[in-house]
Amino acid sequence: MKIGVLGGAGAMGGIFGGRLAQAGEDVTLIDVWPEAVEKINAEGLTIEDKASGEKQAVKVRATLTPEQADPVDLLLVFVKCYHTEAAVRGALPMLHPTSVVMTLQNGWGNAPRIGGIVGADRVVVGLTYNSGTLIGPGHVLHTGKGVTYAGELNGTMSERLANITGTLGKAGFDVKPTDKVLTEIWSKLSLNVTSLPTGALLRFTADQLIAHAGTEALMRALLSEVILVANAQGIAITFDERWAAISGTLTRAVGARGSMLQDVEKQRRTEIDVINGAIVEAGQRLNIPTPYNESMVWMVKALEETFASK
């Protein structure tokens, strides 16, 4: 399969793109980082596995100019949410009439944006519980392995979905096709909504979040709003199940620094708009108050305004 990866020099784009190339797929990484693209083309992409300590250099193409790349069957999107539209528009020359665009980005809101550009019928959505960190140009660390869910927006178990998940499975990912992908997306969104801004604002690691009564109370309040807006849209997630999963995940993730905390530490713009912002938007649309999530959006955006560069 010919595969393009937008954000391919980043942590998650590199992990997925590199593993797919390692498995024999025809992969092109697309990124705007010149130093990383140059190093990957010259020396390969280094993927380091935190659990095993194994480090491998994977031979894979990288480019700054998607219009000069070959057309692909599958375009994986891993860019930050605020770069989604520009990145997908820039990659349009890589798409042929039957190309599929798949988002594995954080939060909710990217799929409609992509669908508005390429057509909703060409979009496959998913989420992954894999985690990674960027070490340097052309060097990514696979910090945690987990399941990846993928599905069609209309809930069908299509042939193309089977082909995509099969390809990812051959590359070593634990991938599950599902006819309830929105439920899975909102399940992960509930974890991100409660933990990411809380950790970023307080500079807390995952296990610290669950160790204090104040942060636990705040996260439970944030989760309550997620459940209300999800259920109002017919997405069947429950407070007790989600809180048990979230608290268990945070307790086990000793020392883990959330992606939003990493962004704040490096004074980068966060993805608050597609995380807590997605809850606020849904609440406004459904006439459901979401004051806790709205407050988190306000505070994170205020923090971003202090950054030297955005």
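Observations on the model:
- Against the list (1) crowded, with 16+ Cβ neighbours inside 10 Å; (2) out of contact with any strand residue (DSSP E or B) (no Cβ under 8 Å at 6 or more places or on another chain), the condition N287 fails is (1).
- Residue in the stretch 83-98 that is among the basic types (K, R), within 30 Å of I272 (Cβ to Cβ) and either crowded, with 20+ Cβ neighbours inside 10 Å or in contact (Cβ under 8 Å) with a residue 60 or more places away in the chain (or both) present: no
- Residue in the stretch 207-215 that is outside any loop (DSSP other than H, G, I, E, B) and either at positive phi or in contact with a Cys (Cβ under 6 Å, 6 or more places away or on another chain) (or both) present: no
- Residue that is touching a Ser or Thr at 6+ places or on another chain (Cβ under 7 Å), in a helix (DSSP H, G or I) and surrounded by fewer than 21 Cβ atoms within 10 Å (Cβ to Cβ), where the choices are D273, D240, D263: D263
- Hits in the stretch 45-62 - residues which are closer than 21 Å to T167 by Cβ and not charged (D, E, K, R): L45, I47, Q56, V58, V60, A62
- Test result for D26, touching a residue at least 60 places away in the same chain (Cβ under 8 Å) and among the acidic types (D, E): no
- Residues considered: R257, R268. Of these, the only one that is surrounded by fewer than 16 Cβ atoms within 10 Å (Cβ to Cβ) and farther than 13 Å from T194 by Cα is R268.
- Selection status of A150, modelled with pLDDT under 95 and either in contact with a helix residue (DSSP H, G or I) (Cβ under 6 Å, 6 or more places away or on another chain) or closer than 30 Å to K59 by Cβ (or both): no
- All conditions in (1) farther than 15 Å from A171 by Cα; (2) touching a residue at least 40 places away in the same chain (Cβ under 8 Å); (3) assigned to a strand (DSSP E or B) hold for I40, with the sole exception of (3).
Listed here are the residues, each with its yes/no results for (1) buried (at least 23 other Cβ atoms within 10 Å of the Cβ); (2) modelled with pLDDT of 95 or more.
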| site | (1), (2) |
| --- | --- |
| V5 | yes, yes |
| G13 | yes, yes |
| G18 | yes, yes |
| D26 | no, yes |
| P34 | no, yes |
| E38 | no, yes |
| A42 | no, yes |
| A51 | no, no |
| R61 | no, yes |
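- Restricting the first member to the stretch 145-158 and to residues that are assigned by TED's automatic domain parsing to the domain that holds V101 and in contact (Cβ under 8 Å) with a residue 40 or more places away in the chain, and the second to residues that are of a type outside the set (A, V, I, L, M, F, W, C) and not in a strand (DSSP E or B), the beta-carbon pairs closer than 6 Å and six or more apart or on different chains are K145/N130; A150/T165.
- The listed residue being touching a residue at least 40 places away in the same chain (Cβ under 8 Å) and part of a helix (DSSP H, G or I), out of G248, G255, G283: G283
- There is at least one residue in the stretch 218-239 that is over 18 Å from the mean Cα position of the chain (by Cα) and at positive phi.
- Every residue from the stretch 290-310 that is small (G, A, S) and surrounded by 14 or more Cβ atoms within 10 Å (Cβ to Cβ): S295
- Of all residues making up the stretch 145-164, the number that are surrounded by fewer than 21 Cβ atoms within 10 Å (Cβ to Cβ) and part of a helix (DSSP H, G or I): 4
- Odd one out for S224, checked against (1) in contact with a helix residue (DSSP H, G or I) (Cβ under 8 Å, 6 or more places away or on another chain); (2) assigned to a loop (DSSP other than H, G, I, E, B): (2)
The values are calculated or read from the model by the stated rules, or taken from the named source; none is laboratory data. Please read these numbers as outputs of a predicted model, since none were measured by experiment. So basically every Cβ, Gly included, is an ideal-geometry build from the backbone, and we count neighbours across all protein chains shown.
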